[in-house]
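Trainee: This is the structure I want to talk about, given as structure tokens.
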Amino acid sequence: MIMTITITQPSRRLPTMTAAGFRRGLVAALPFLLSNGAAGLVMGLTYKGLGLGASHAILFSLLVYSATAQAITLSMWASPLPVAAMVVACIATNSRYLLMGAHLRQLFGGLAPRKILLSLFLLADASWLMTSSDADRNGPDAGYLLGSSIPMAIGWVGGTALAYAAPLATNGPLKLAAALLPTMFIATLLPSQWKNAASPWPWLISAVVALLVSHFVDPSWSMLIGGGCGTLVSMMERTDA
């Protein structure tokens, strides 16, 4: 997984946590009930097709709560399960949250931890971006972070649960959508990562290495090793610049 995150200078205003900020974030994130719900539905149907029970699938979406990490894990699904590769892949994929957390600490470091812990548990890429943008306009408000995170979490976990509650088959068009899920999640990140003519190289190298590892070594490690090589190339490009 290759990702470039650009952080703007955080607001110098004192952090707050207000009901107005919560409402503002909640309303702004309402569309994610549908988009995350649709993605969670496909994810749930994929788990259902693999024979995973409803409680396990819902807990997976709730506790891991990372669309990209879950999609990558699904792409590595095999019998027997490559548990070590899956764990390492999830850690590597979610490592970007260390940078996001560092930025949020700059914004909300003055608040008591108890006020921010739930928001950090529900943190998503979109809620982090929305909160950073809102902080530039209105000052850092932890209420906005919590409010914007809730619809995203409800959509994702609710969509996973709906896949088991609704009488939907795991074959046909939905099966095709589930098979394409890892590619779709990664493809949505590409436009935001495109900056110049050199931008595609890390992705191309990542794809080539992943294919080689899948063919000559083990498919379970292909995405992880390929993503690592692409990330190294991206880091080398910035160093040369």
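Every number in this text was worked out from the coordinates using simple rules, so none of it is lab data. It should be emphasised that the depicted structure is a prediction, and the values quoted were computed from it without experimental measurement. Counting neighbours? That spans all protein chains shown, and the Cβs are built from the backbone with ideal geometry, glycine included.
Trainee: How far, in nm, would the chain grow between VAL208 and ARG137 when pulled straight, counting 0.36 nm per residue and subtracting the alpha carbon separation?
Mentor: Values: separation 71, 0.36 × 71 = 25.56 nm, distance 4.23 nm.
My answer for the length gained is 21.3 nm.
Trainee: Please give the net charge around LEU26, taking every other residue with its beta carbon less than 15 angstrom from that of LEU26, where Lys and Arg add +1 and Asp and Glu add -1.
Mentor: Values: positive: ARG23, ARG24; negative: ASP134, ASP141.
The answer is 0.
Trainee: With a point put 7 Å past each Cα toward its Cβ, work out how far LEU50 is from VAL87 in nm, to one decimal.
Mentor: It is 1.7 nm.
Trainee: When the chain is fully extended, how far beyond the present Cα-Cα distance does ALA112 get from LEU62, taking 0.36 nm per residue of separation?
Mentor: Values: separation 50, 0.36 × 50 = 18.00 nm, distance 2.47 nm.
So the extension gain works out to 15.5 nm.
Trainee: Taking 0.36 nm per intervening residue step and subtracting the Cα-Cα distance, what contour gain separates LEU34 from LEU168 on full extension?
Mentor: Numbers: separation 134, 0.36 × 134 = 48.24 nm, distance 1.76 nm.
Roughly 46.5 nm would be gained on extension.
Trainee: Also, quick follow-up: By counting other Cβ atoms within 10 Å of each Cβ, how are ASP141, ASP136 ranked from fewest to most? Spell out each step's value before the answer.
Mentor: Numbers: ASP141 26, ASP136 14.
Starting with the residue having the fewest Cβ neighbours, the order is ASP136, ASP141.
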